1. How far is the Cα center of the stretch 309-337 from the Cα center of the stretch 163-191, in Å?
2. With Cβ to Cβ distances under 14 Å as the rule, what net charge do the other residues near residue 316 carry (K, R +1; D, E -1)?
3. So for the chain, taking the charge dipole from beta-carbon charges (+1 Lys/Arg, -1 Asp/Glu), which of 297, 308, 402 sits furthest toward the positive end?
4. Give the lysines whose C-alpha is closer than 21 Å to that of residue 259, dropping any in the same chain fewer than 8 places away, or say none.
5. Could you line up 82, 517 from fewest to most neighbouring Cβ atoms inside 10 Å?
6. Taking only the alpha-carbon atoms of the chain, what semi-axes of the equivalent ellipsoid follow from 5 times the gyration tensor eigenvalues under a square root, in whole Å, largest first?
7. Whole Å is fine, so just give me how far the alpha carbon centre of the stretch 511-565 lies from that of the stretch 252-305.
8. For residue 493, list long-range residues whose amide hydrogen, built 1.01 Å from N in the peptide plane, is under 5 Å from its own amide hydrogen.
Amino acid sequence: MSILDLLKQKKIISNAPVEGNVSLSLPDVIAPAALNIAPRNLNISGRLSRIFFAVSYPRYLNDGWLEPILNLEREMDVTIMIHPIDTNETLKKFQKKVAEVESQINERSDKGMVRDPQLDAAYRNLEDLRDKLQQAEEKLFDAGLYIAIYGGTEGELNKTETEIKGILDTRLVYIKPALFQQEDGFKSVIPIVTDKLLVHSKFNSSPLSSFFPFTSFDLTQDTGILYGINRHNSSLILFDRFKLPNYNSVTFATSGAGKSYTTKLEILRSLMFGTEVIVIDPEQEYRYLAEATGGRYINISLSSEHHINPFDLPKPLSDENPRDVLRSHIIELVGLFRLMLSGLSPVEDAIIDAALREVYALKDITGDTDYSELTPPLLSDFEMVLAGMEGSESLVQRLTKYTSGTWSGFMNEATNVNINEKFVVFSIRDMEDELKTIAMYIITNHIWGAIRRELKKRLLVIDEAWWMFRSEDTAAFLHSIAKRGRKYYLGISTITQDVDDFLRSPYGVPMITNSSIQLLMKQSPTAVDTLQNVFNLTDEEKYMLLESGVGEGIFFVGLKHVAIKVIASYTEDQIITSDPSQLLQIQHAKSDLTQRH
């Protein structure tokens, strides 16, 4: 019987002839123009197809075992045929089968033979299933699994067949091609509810439920903060980043997609659970949040009263050698000067290194003694030592703008900021763009030194992290902290809208792999292809990122990911909003309240 005849028999299309200019019906349009049937393949209008059926299943089937097949990026149709079995007739057969197994067990026992575990297990399983069938807790079904694959050539079909068999074989599910039954197989696969192959296995309700083809991950833990709602099934996405393999996260989003809003919501909820939070804020977006939660807001600029001395040394821990701490800090300072002076030649690098060791030695800081109570040198002290060294003329000339020139006043003073608070925000909005990367390096270094002094649960948020990835030295330093932070109970949250700058750095992808949580929100068409390659996104997920609304995206934890919708309560929204119109309304309300009092 042809496909068209089959459709007519099912009364899907009419037998009436098509005459003149009468338009074709939908079944006429979708029916294949021609069908060539071979023993192992079908040729459907020039497209090859091969149909398989499942012949064997393991003793136990786990939930979602079919999902790897459904998620393959291959052209295929999967049909599951389920036929209910009359329970009364089955129970009669069960009783006979139970009696047979029980008889075999008794016979072996009478002969003094060793107990057969397989017979015992079969007896227990049969009795258990019979009880459940009698109590209507379970039902029996004949189920057939049919898979049709498609390709342009035999080679494509063979490659897909090998891939599918490899996946199913690892799950002890075995399939065979429908030899000399390809036409019946095709009729069984197309959605007309006709089972022509009739290759079935018996299942009760519980294992049959594992065939359910539509699955969605529940990405959640028993404890933690609420990140958002799972858009697949409306479940809650709850996670405690400090219970994951590492405590870091990365967030990629375009401007206006809600990345800062999402981050501020996480900060607010983390503070409620006792986490100390430090933020490097390039656009003064976190000031209102700091004020509303009683945090400390520190403005860093050339004219600010707040200063950080990059020569400050972290206090060595009990298991650390002071000499190693000093050496490590000198290496970090060489990186800072490489950034400040727009690069160093090998000779200049050696001069800077020697000058740093000497300027610390002038303050009796050598690593052989306790220097925790000693006053560290300033940038002007370093300049003085550098000026007395041979071959340093160019270095001193380039350094002058930081000590007495236009860019002085920021780092040539003793440190007077204190981050011993539950919530601290460093704002660098008023810092010149040319100095923002340098400022972020110095601030991060200062924070890292303070974190190492005392073990506390802390979260360091670096907004617009692409500033740090513009320089290899700053990117390397941030990557180093990300790898070592777990030892000091520190999680790092990097947020950026400039995907290309971030991933162009040799430390971009390593930062992603060193982050247990990744959040992708709305993306621009120019960046989404890059992210698709890095995160192995499907085309559907790629288009989801292009079309996501504010606060929507894809949330990754380990190998799993779900679509997320970030939701805040009204009170939270009033505290964390970045919407200028909402902020203006809040300011007016505060002004009116002040005037009334």
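Where a number appears in this text, it was derived from the coordinates with a stated rule and is not lab data. Keep in mind that this is a model prediction, so the values were computed, not measured. Cβ: placed from backbone, ideal geometry, glycine included. Neighbour counts: every protein chain shown.
1. 64 Å
2. Values: positive: 315, 323, 327, 452, 453; negative: 312, 319, 320, 324, 368, 370, 373, 454.
Computed value for this residue: -3.
3. 297
4. Reachable lysines: 436, 522, 542, 560, 565.
5. Working: 82 13, 517 21.
Exposure proxy ranking, most exposed first: 82, 517.
6. On the way: eigenvalues 855, 186, 133 Å².
Semi-axes, largest first: 65, 30, 26 Å.
7. The two parts, judged by their Cα centres, are 23 Å apart.
8. The answer is 249, 460, 461, 462.
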